[in-house]
Structure formats: C-alpha cells, structure tokens
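K.L.:
Below you'll find the structure I mean.
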Amino acid sequence: MSSFTLQSWWAASPARAHRTAIAAGGLVAVLVALSCVIWTSPSVRKAISAGAQAVVTADPFAAKSAALAKRVSTLQQQLWQEQGKMTALQAASLSHQSQSASQLAHLQQQLISTQHELAAAQASHGAITSDAGTSVTAPSKAQLLDPTSRYYGMYTQQSPFNYADMNATSQKVGVQPNLVGYFQGWDHNFRADAVTDAWSHGQLPLLTWESQPSTAGNNDPDQPAYSLPTILSGQFDAYIQNYAKSITATGLPLVIRFDHEMNAVWYPWSQDDGHGNSINGNASGDYVKVWQHIWNIFQAAGANQYVIWDWSPNIVNNLTASHTTLAYTESLYPGDRYVDWVGLSGYLRPPYSAGQSFTFNDTYGPSLAILRAITNKKIILSEIGASDTGGHKPAWITSLFAALADPQNADIVGFAWFDEAVTTYIDGVLGTNDWRVDSRPEALAAFIAGLTNPADNFVLTPAPS
C-alpha cells in the first residue's frame, strides 16, 4: 500500500493520522493490560491447575473440567488475536475503537463465565449449569452492596422504560451499563415494571425518589404541600406504606436515592437558604427525621431487605458558604443504620471560576473528604456529567477514570452518568449543557479508553447488537 493510500485510509491529514495512531496505541496498551490482569489472576491459574489435575485422576468430571480448561485457553488466544489486530493496525478510527471495546467485553464475559463453570466443576460433583440460556436473576442486596467490580451506570431519556437511547449510546461505546438511573416523584406509585425491566437487562436500578410532583423543576422549592413537617405529620404515610409493600411484593433489589442534594437550596426538602431563612417551612433537623421515618415504614413492610439506601448530597464547591462545611453536611446525615451507600451529585459545568482546575479532584475532592469524615460507607457518584462548554470535557473524562484507578478511591463503587442534553437557567441565563458521552468524538474516545482500562475495575458488558 502506498504512503498516500495509507494516509487517506487513516485520516484526512498526516496530523490527524498521527493523533489517531497515538489513540490506538493507548487502546492497545489497555487491552494488553487487561489481558495481563485476567491471565495472571490467581483464581484463573488455580482453576486451570485444578482442571489439569482432574484429568490425571479418575474424577468423573475430569473430561468436563478439561474441556472447560481448553475453552479458557481458546478464549485467551482469541483475546490475544484481537490485540494483535490492533497492534498491526497501529491506529483506529472511533468506530474501530468502540468495536474493539465491544469485542473485548464479549471475550471478557465469555472468559469469566467459563472460569466460573470450571471452578464450579472442581468444587462440586453436582451437575454444571451454564449461565447461557437461563433467565436473568438479581443478586442479593448483600452481594450488591460491596461489589468486586465497579458499577458503570447511566441516565438516558425514558430508561428503564424505553431503551432506545441507552442502546444507541451503548453501541457507540461498545459497552452496556450495568446500572440504570431514573427519577420518580411522589405523585406516582411504585413502578414494578421499571425494576423488572432493569434486571431483565442485567442492570441494577437506581431510583431517585423525590418528595415532590414529577412535573416540578429543580428551581421551585416553595411547595408547602410537600414540606418536611407535612411528611412528618403522617399525611403521606399511606402512600409510603403502599410503596414499601409494592417493593416487597416485587422481590427485587434496587437503589433508592431519596431526596438528593439536600445540602443545596433548590429543592423543597432543603432546610434553609444558607442565610438563616427557612425553605418551604422546614426546620433544622427535619430532613434526618423524615429519612428515618420513611426507613422505619419500609422496615415494618419488609422492604429494606431489597432497598440500598443512597444518601446523596451535592458537591459543595459552589454552595452557600455555610453549606460547604463538614458540620452542616454531617447534620443532614441520617446515621449509618439508615444508610447503605453515600453518594454525590456533581458536574463539570459552567460558569467556570478563575483558575479552576478541570479535574476529578477539583470537582469531587472537597466533597469526598467530607463524606469520608462522616462515615466509612461505600461511595457512589450517583449523578455526574461534564458539559461540552469550554472544551474541557475530554480531559475531565480522562481525569475521572485516572482517579478511579487511584487506590485512595477504592471505596468508590461506581458512577451513574447523566447522558442527556439539557436546557436550563444557569444564574438567570438560559443555556444548554450537553452532558452526553458522545457529544464530541474526543469525549467518546476518552470515555471508551477509561471504561476499558483494567485498573478501573469495570466488568464489561457487551453492547446490544
């Protein structure tokens, strides 16, 4: 192939060709690293060794174990072949990158499944049941609370009721989320179909449950019918009891992020405006009382065996000064008995401040320090995103995944990305923020590279075809 043909195939210019080559080189490094992590895993080597020993003995499952061990070896060879293709190409378009991520996810899932089968064959003389072809079931709450790998979550238009947008994004990324976020107000009863649909897609449902009507915005805190004293008076007890009973009847786990961003000033469950004035008739201490009141109703209905309670304040960076302190945030914490995970809402969003660093630590560092001072509970980044405005998004995404690979953030169990473009008022000015991971090619490339980095510890689920 002539040099002219090679250039036109890779990119429209030598400079762009050089950049895409660098991007592919990075992806190759990720693939090689993941291969090393998987293939050098003690559990894999132990399972293979056990399989080989079974062939020598007269164990009736020796043949099955040997076949599974051979399958593991075959899958590893396929993984190496995929990496070899990338090395030979030395560069890849964004389409090639997502395809490689999808192929990597398929191979990883097959390898993990086969490893589990092999381990089961050696640990038991019972029948071996493959995951293939079986119906999707949900793990227990205990298994979900402290996962061995991180959750990759996403909010999209209408999911988990309609997966069109999520599937379209997943095909571009090459990987499908294993957690799905959605919102519901107190003018609706529990939607069992949302939970069952989520689990049918292999996704843990994350419900943001707001004590206000679903039609309410995030800038109208004056809603006396939904004030914290009104809730404490018992006027909503029947609704809460029915909600809890419906969860128990459904029998599937979910995360409930109840009345999030309570340390801010824009929701009717906020207690004060940071200057000593009550919001919506609420008083100091009311938020904790309401949380505990609802938790107790759920406990009586048997629902807490299924609910992961996610207490999720807003990042403190741009809050009123009195709301940025450890003491204020801690005053809103219901207590370890009533909380399973602690979370954060936080975006890279304009307006930006002078000298701002567009990094993970700048966005989340001060708030993470507060959470860790309050409790040792696992942390989830419950609602995050980055705006395209200013051109900082790709670098911020790279910083996000680099931070997740840092051992000091091992207590972060995952994130849920808000994958929508939204037009709202920001400091009185109407503007649009495009939070979508594929808003620009550079952002999508950075997202794929981070998600497939083995140091970030995400188990990859192939995107739907």
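K.L.:
Taking Q115, is it modelled with pLDDT under 95 and either part of a helix (DSSP H, G or I) or touching a Gly at 6+ places or on another chain (Cβ under 9 Å) (or both)?
P.N.:
Here the answer is yes, as Q115 does meet what is asked.
K.L.:
Could you pull out the residue among N263, N296, N242 that is part of a loop (DSSP other than H, G, I, E, B) and polar (S, T, N, Q)?
P.N.:
N263
K.L.:
Now for a different question. Do the conditions hold for S214, that is, is it in contact with a Gly (Cβ under 6 Å, 6 or more places away or on another chain) and surrounded by fewer than 16 Cβ atoms within 10 Å (Cβ to Cβ)?
P.N.:
Considered against the rule, which asks whether it is in contact with a Gly (Cβ under 6 Å, 6 or more places away or on another chain) and surrounded by fewer than 16 Cβ atoms within 10 Å (Cβ to Cβ), S214 comes out as yes.
K.L.:
Condition first: of a type in the set (A, V, I, L, M, F, W, C) and over 30 Å from D146 (Cβ atoms). Can you find one or more residues in the range 432-443 that meet it? Show your work before the answer.
P.N.:
Going residue by residue through the range 432-443, those that are of a type in the set (A, V, I, L, M, F, W, C) are 435, 437, 443.
Add one more test, that the residue is over 30 Å from D146 (Cβ atoms), and what stays is 443.
Looking for residues that are of a type in the set (A, V, I, L, M, F, W, C) and over 30 Å from D146 (Cβ atoms), one finds at least one in the range 432-443, hence yes.
K.L.:
Please indicate, with yes or no, whether at least one residue in the range 230-249 is modelled with pLDDT under 95 and either within 24 Å of the chain's Cα centre (by Cα) or among the aromatic types (F, W, Y) (or both).
P.N.:
The answer is no; no qualifying residue exists.
K.L.:
Does S331 meet the test of being under 15 Å from F415 (Cα atoms) and either small (G, A, S) or surrounded by fewer than 21 Cβ atoms within 10 Å (Cβ to Cβ) (or both)?
P.N.:
no
K.L.:
So for the range 255-275 (the condition being polar (S, T, N, Q), at pLDDT 95 or above and farther than 23 Å from F183 by Cα), does at least one residue qualify?
P.N.:
Scanning the range 255-275, I find no residue that is polar (S, T, N, Q), at pLDDT 95 or above and farther than 23 Å from F183 by Cα, so the answer is no.
K.L.:
Hey, another quick one. Just to verify a result, which residue in the range 370-420, among those that are among the polar types (S, T, N, Q) and surrounded by 19 or more Cβ atoms within 10 Å (Cβ to Cβ), is nearest to P160 (Cα to Cα)? Lay out the reasoning, then the answer.
P.N.:
At the first step, the residues of the range 370-420 found to be among the polar types (S, T, N, Q) are 375-376, 382, 387, 389, 398-399, 408-409.
Of the ones still in play, those that are also surrounded by 19 or more Cβ atoms within 10 Å (Cβ to Cβ) are 382, 387, 398-399.
Values: S382: 16, S387: 24, T398: 28, S399: 29 Å.
Among those residues, the one meeting the criterion is S382.
K.L.:
Right, next: Can you say whether L430 is of a type outside the set (V, I, T), in contact with a Ser or Thr (Cβ under 7 Å, 6 or more places away or on another chain) and free of Cβ contacts under 8 Å to residues at least 12 places away in the same chain, as far as the supplied structure shows?
P.N.:
yes
K.L.:
Let me ask something additional. Filter the range 288-324 down to residues that are within 19 Å of D362 (Cβ to Cβ) and either over 19 Å from the mean Cα position of the chain (by Cα) or not assigned by TED's automatic domain parsing to the domain that holds P205 (or both), then give me how many there are.
P.N.:
7
K.L.:
Please specify each residue of the range 223-234 satisfying the condition of being closer than 14 Å to Q212 by Cβ and surrounded by fewer than 17 Cβ atoms within 10 Å (Cβ to Cβ).
P.N.:
Hits for the range 223-234 are P224, A225.
K.L.:
Against the conditions (1) out of contact with any Leu (no Cβ under 9 Å at 6 or more places or on another chain); (2) in contact (Cβ under 8 Å) with a residue 24 or more places away in the chain; (3) assigned to a loop (DSSP other than H, G, I, E, B); (4) not acidic (D, E), where does A249 fall short? Just the number, please.
P.N.:
(3)
K.L.:
Wholly within the range 312-425, which strands (runs of 3 or more DSSP E) include no fewer than the required count, namely at least 2 residues that are modelled with pLDDT of 95 or more and in contact with a Gly (Cβ under 6 Å, 6 or more places away or on another chain)?
P.N.:
378-386, 412-418
K.L.:
When you go through Y155, Y182 one by one, which is the residue that is surrounded by fewer than 22 Cβ atoms within 10 Å (Cβ to Cβ) and touching a residue at least 12 places away in the same chain (Cβ under 8 Å)?
P.N.:
Among Y155, Y182, only Y182 is surrounded by fewer than 22 Cβ atoms within 10 Å (Cβ to Cβ) and touching a residue at least 12 places away in the same chain (Cβ under 8 Å).
K.L.:
I would also like to ask the following. Can you name the residue in the range 341-360 that is touching a Leu at 6+ places or on another chain (Cβ under 9 Å) and polar (S, T, N, Q) and is also surrounded by the most Cβ atoms within 10 Å (Cβ to Cβ) among such residues?
P.N.:
In this case the residue turns out to be S345.
K.L.:
Counting just the residues of the range 310-328 that are of a type in the set (A, V, I, L, M) and buried (at least 20 other Cβ atoms within 10 Å of the Cβ), which one comes out nearest to N277 (Cα to Cα)?
P.N.:
L319
K.L.:
Tell me yes or no: at least one residue of the range 358-372 is in contact (Cβ under 8 Å) with a residue 24 or more places away in the chain, of a type outside the set (A, V, I, L, M) and either under 30 Å from L252 (Cα atoms) or outside the structural domain of W417 (by TED's automatic domain parsing) (or both).
P.N.:
yes
The values are calculated or read from the model by the stated rules, or taken from the named source; none is laboratory data. Keep in mind it's a predicted model, so treat the numbers as computed, not measured. Here Cβ is always computed from backbone atoms with ideal geometry, including for glycine, and neighbour counts include all displayed protein chains.
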